[in-house]
Structure formats: structure tokens, C-alpha cells
Amino acid sequence: MNQSHHGGLQSGRMEYADLEGFASQAISFPRLAHFLFALSRDEIEPLRVFEHWSRAIRSKQPARYECRLWSGRGTRSINSIIGELFTVLNDVVDRLEHLGVSSAWQRFDILAVEPEYRPRQRLHHMLLVLELAGLVGYVADPSGGRALTVQLLQPDVGMEQITIDLQSLRLKETYEKHKLRLMERYTSLTSSEQLAAAFETYFFAQEPLVIRLDDQMREDVTRDQQAIIENDGGMHLIEGPAGCGKTTALVERIKYLVNRRHVPLASIMITTHYQSAVGRIEKQLEILREDGAVALATTINGFGERIFKRHRTLLRRPDGELYYPTDATLLSGTMEKTQRSELEVVSEALGRVHTGTWSSAGWPEDWEVPATRGRYLRDASVEKLCLDAINRLRQHGIVPTLRPSRQDIAGILGEGQHSGPLGQRLDTPYDAACLYAVYMTHLQLMGEKGRYTFDDQVLFA
């Protein structure tokens, strides 16, 4: 950091630093970056130096960082704070010198090192600060030294022998929530009569803490439906024709889970094939809504779309760029309409592969990149052949970013030359390498155009 940037940093401005020149054999770049980031954490107080420290995202230089000094450090200089940090390190080393310096993990009894409570807590805190800064490795017992001896009277048992029943914990949580609501209502009352009535309601249990408006099961459910609704073990598959009561059993099952098993409504998801069923189920479950919590009712495709849009920024191409840098639109409509849209993209992908203008980042190392073929002239048979290969690669979960091998791809597409979808001879033969190149380019183009299909949802998931 030059002198002008140093002055700006001292005055509280955001400045930039290139760490590449500071790394050395003694301290690697990742370790240095971790150390400086730790100096911006609240947990490292009173040794905090920076208010903000993070990589400059807009910069293409991986070692370029942006930082601002912590205003809460008062008049202390950076050098004095760093000096305090290494004073703490020396103090800890002196206290634990009997363990010896080693890169291997060593167990020690902090109670034996420091019997007094307050000095022991200070030593514990110092070790946590040094561990956060990346200067030592330290894992403390969860009790923080408060528990001296714990003796288990019951012998160890396997997980298969343990049954976890969350009903009592959920019930307690529900009661606590309703108690809090009564207290909030109490604080909003003004007259002494209202306060006295609320006081008696709470302490003398004049009304139950939890009032369920629809606690009873429908009277018209059959014996078989009731058995399904109240069955708490395993998975259940209900089959039957339209109108036989499948949705009724589903809705009553959800009411049973909420009212009797105290499962939080927001923890329940219902998926269906049809949007009309979603609205019908939501309407029947409205009575269970509480504090804004609702069950997630959606179609299977709608749920996939929700996940895709929420996490699309995690989808990276082999070159590190985003597949979908902006919001994307689902290709919808009839199968023929969707296929026509995809074939347009396949044609463009073929054009890039033919002229060698496609990105081969992530190409299998032991496979020769397809040779250029000159300008591509549209051919319906070739495009349908490529779309068929794309669908097969999608179905097998082949994602270029995960660097599939030549054997993985050839095992799906085959190594030899490919004929047209109806077995006709093509003017220009296409092998597995060429088809995979079209697939990679097709995925990239779909992202650039902000389009995706239901198959893409499944593939990227």
C-alpha cells in the first residue's frame, strides 16, 4: 500500500491492498489473508484492527482486498494492537511450554494449567482469539472449563437403539410462545380491571395456553383414512381414483401433525402435480395459520423452480463465470414449443462448435478437442441428434463444471460415429466428442439467454 493510500486508511476511507507482494515462504497468501480477515471480526476484541476486510469482488486480481480501519480502536495505532496480539501469543506459549511446540494436536487440562477461575477464563479467551487469528489451533470443551467431571451412568448405546421424540420439546416451545403472547397483551392493557383479568387468566389457568380452533378430526373420515392420518411410522403411499378422499386424508394428516404432534406448520411441505390442488389444500389449511407461518404448498415443478432461482448464483461454468448472471425464465408451453426453442439454441451451439468459437474450459484432458468444420448449415436431423444427446447427458447428471471424464461421457453417448435420429446417414458424422462440445456450449448459451427447462432444474440440483 503506497503512502497516499496509507493516509486515506488512517483517515477512515475505504482503501485497497494487494497481498500478493506480502506473501512469502514463511507465511502463505491464504494464511495471511485469513489473519487479516480475523482482525476485522467482533470476536477478536479488544484486538480488532479493521472495520471491514474482504476481497475486492469487482477486481479480477484474486489477491486484491478492500479494507477500512476500525473506528472503535481509539487512539491505539495498528502497530500497538499487533504488538498486543503477539504479546498474548508469547504469554500463551510461556504458559503451555511444557507441551512443546508441535504441529500435531495435543490434549491438555486447562484446569491444571490455571486452577483459578478468572485467570482460567482469560487464558481460554486468549486461546480463542489466537485460534480465530489462525496463529494456533485450539478446540475447547463445550463447557468452557466450568464442568470438572462428568460421569455417564448409562452405558453407550448405538444410534439404532435411540428413539428421539420431539413432541414434548415442541409442546414446550408452543407453550412458551403463547405465554409470551399473553405477556405482550398484558403490557398493552391500561385499566386495572383489564390487568387483573389478564393476571388471573395467566396465573389461574382460566383458559388453556393453546386454543386450537379445529382440533377435532372430521367425522366423515373412514376407518382406513383415520389409520393413515394417525400412523406415525415410516412412509405412506395412498393410491386411489379421483374423489376417493386422498386429499382429505392429506389435509387431516397435516392437522394431526400440527395439533396433536406439535409439528411447526412452517416445517411442513406439500407438493402436488397440479396448481389447482395447491389452491384447494391451502384453502383448507388456512385455519392453522399462526404468526404468519404457513405450510409450503407447491407443485413439484414450482418447488424446483423456487430452488433454481434462489440458488442460481451458485451455478458456475468450468471457467468460473456464472451460468446465469441474471434472472432466468422457464421455457414453458407444449412439448413441441419447448423443443423448437431448444433447437434454436442447439443450432447456435453447433455454429460455434463448427467454427471453433466455443469455450473448451473444463474439457477432459485425455480427449482431443473436436476440429473446426467451417460454417454450419442448418440441418434438422443433426440438431435433433444433438438434442437427443443433450437430454441423455442431462438425465445422467453430467455437469461440465464437475469435470466428467471421457469414459463417463462415452459410456452414455458411445465412442463411434453417430447417425441421424431415424438411422439415416449424415453428410457430416458426429462423434461423442463433438456432441459433448455442443452440450457444453448449449448449457452456456441457455444461461446467456436467461432460459432453462425443467430438465435443467433437475440437472443443476
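Side notes on the structure shown:
- When the test is whether a residue is in contact (Cβ under 8 Å) with a residue 60 or more places away in the chain and under 21 Å from T401 (Cβ atoms), P364 does not pass it.
- Checked against the criterion of being under 20 Å from the mean Cα position of the chain (by Cα), surrounded by 14 or more Cβ atoms within 10 Å (Cβ to Cβ) and assigned to a helix (DSSP H, G or I), region 282-301 contains one or more residues that satisfy it.
- Being surrounded by fewer than 17 Cβ atoms within 10 Å (Cβ to Cβ) and among the aromatic types (F, W, Y) is true of W367.
- The number of residues in region 83-140 that are of a type in the set (G, A, S), free of Cβ contacts under 8 Å to residues at least 24 places away in the same chain, in a loop (DSSP other than H, G, I, E, B) and within 18 Å of A38 (Cβ to Cβ) comes to 0.
Here's the yes/no breakdown for (1) modelled with pLDDT of 85 or more; (2) within 24 Å of F303 (Cα to Cα):
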site: G233; (1), (2): no, no
site: H236; (1), (2): no, yes
site: C244; (1), (2): yes, no
site: R253; (1), (2): yes, yes
site: P264; (1), (2): no, yes
site: M269; (1), (2): yes, yes
site: R280; (1), (2): no, yes
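- Region 381-411 - residue that is free of Cβ contacts under 8 Å to residues at least 24 places away in the same chain and part of a helix (DSSP H, G or I) and, of those, surrounded by the fewest Cβ atoms within 10 Å (Cβ to Cβ): L402
- Counted residues, region 161-206 - those being at pLDDT below 75, charged (D, E, K, R) and exposed (fewer than 10 other Cβ atoms within 10 Å of the Cβ): 1
- When residues of region 313-347 are limited to those that are in a helix (DSSP H, G or I) and in contact with a helix residue (DSSP H, G or I) (Cβ under 8 Å, 6 or more places away or on another chain), the one modelled with the lowest pLDDT: Q339
- T401 at pLDDT 90 or above and touching a strand residue (DSSP E or B) at 6+ places or on another chain (Cβ under 6 Å): yes
- Selection count where residues are of a type in the set (S, T, N, Q), in a helix (DSSP H, G or I) and over 25 Å from P264 (Cα atoms), scope region 167-205: 5
- In region 238-253, the residue that is surrounded by the most Cβ atoms within 10 Å (Cβ to Cβ) out of those that are under 16 Å from M269 (Cα atoms) and among the aliphatic types (A, V, I, L, M) is A249.
The values are calculated or read from the model by the stated rules, or taken from the named source; none is laboratory data. Bear in mind that the values here come from a model prediction, so they are computed numbers and not experimental data. Heads up, the Cβs are rebuilt from the backbone with ideal geometry, glycines too, and the neighbour counts pull from every protein chain shown.
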